[in-house]
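Okay, so here's the structure we're looking at.
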Amino acid sequence: MTTNPETGVPPNEHLLPGCLLAKKVHIAVVGCGATGSAIAAGLPYLHQAMVALGHPYGLAVTFVDGDRVSHANCVRQPFSESEIGLYKATVLATRINLFWGLGWRGTPRFLDER
């Protein structure tokens, strides 16, 4: 078996810094509209894969968006009419937590330049 001369690791294996294995990997998804909600839908699969492959904690995700679900969102984003008026970040976090049994957070606020 060959190894990378710089790391001594076989070419199909990866090294992770120890700090990434000592605690949850924190991710903030800023914006929960079309792109953010698509990212959000895939993160539970990444979390499950990490845990299945031996990561002790997986992901800790926070969704951040001060926008509320509107009727227009229901046409092109994964929100329903029953969610109109609710904060997008809270809706996504609640939906994912209920389905996957996770404890991810939704923070209904806008980020500014500060």
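Please work out if Tyr57 is closer than 30 Å to Leu16 by Cα and without any contact (Cβ under 8 Å) to a residue 12 or more places away in the chain. Considered against the rule, which asks whether it is closer than 30 Å to Leu16 by Cα and without any contact (Cβ under 8 Å) to a residue 12 or more places away in the chain, Tyr57 comes out as no.
Scanning the stretch 26-40 for residues that are surrounded by fewer than 13 Cβ atoms within 10 Å (Cβ to Cβ), within 17 Å of Gly103 (Cα to Cα) and either among the polar types (S, T, N, Q) or within 8 Å of the chain's Cα centre (by Cα) (or both) turns up just one, Ala28. Scan the stretch 34-49 for residues that are out of contact with any Phe, Trp or Tyr (no Cβ under 7 Å at 6 or more places or on another chain) and over 17 Å from Gly66 (Cα atoms) and the total you get is 10.
If you go through the stretch 90-111 and pick out every residue that is more than 13 Å from the chain's Cα centre (by Cα) and either at pLDDT below 95 or among the aromatic types (Phe, Trp, Tyr) (or both), you end up with 3.
Of the candidates Lys88, Lys23, the single residue that is out of contact with any Pro (no Cβ under 6 Å at 6 or more places or on another chain), surrounded by fewer than 16 Cβ atoms within 10 Å (Cβ to Cβ) and basic (Lys, Arg) is Lys23.
The values are calculated or read from the model by the stated rules, or taken from the named source; none is laboratory data. Since this is a predicted model, take the numbers as computed values, not measurements. Note that each Cβ is placed from the backbone with ideal geometry, even for glycine, and that neighbours are counted across all protein chains shown.
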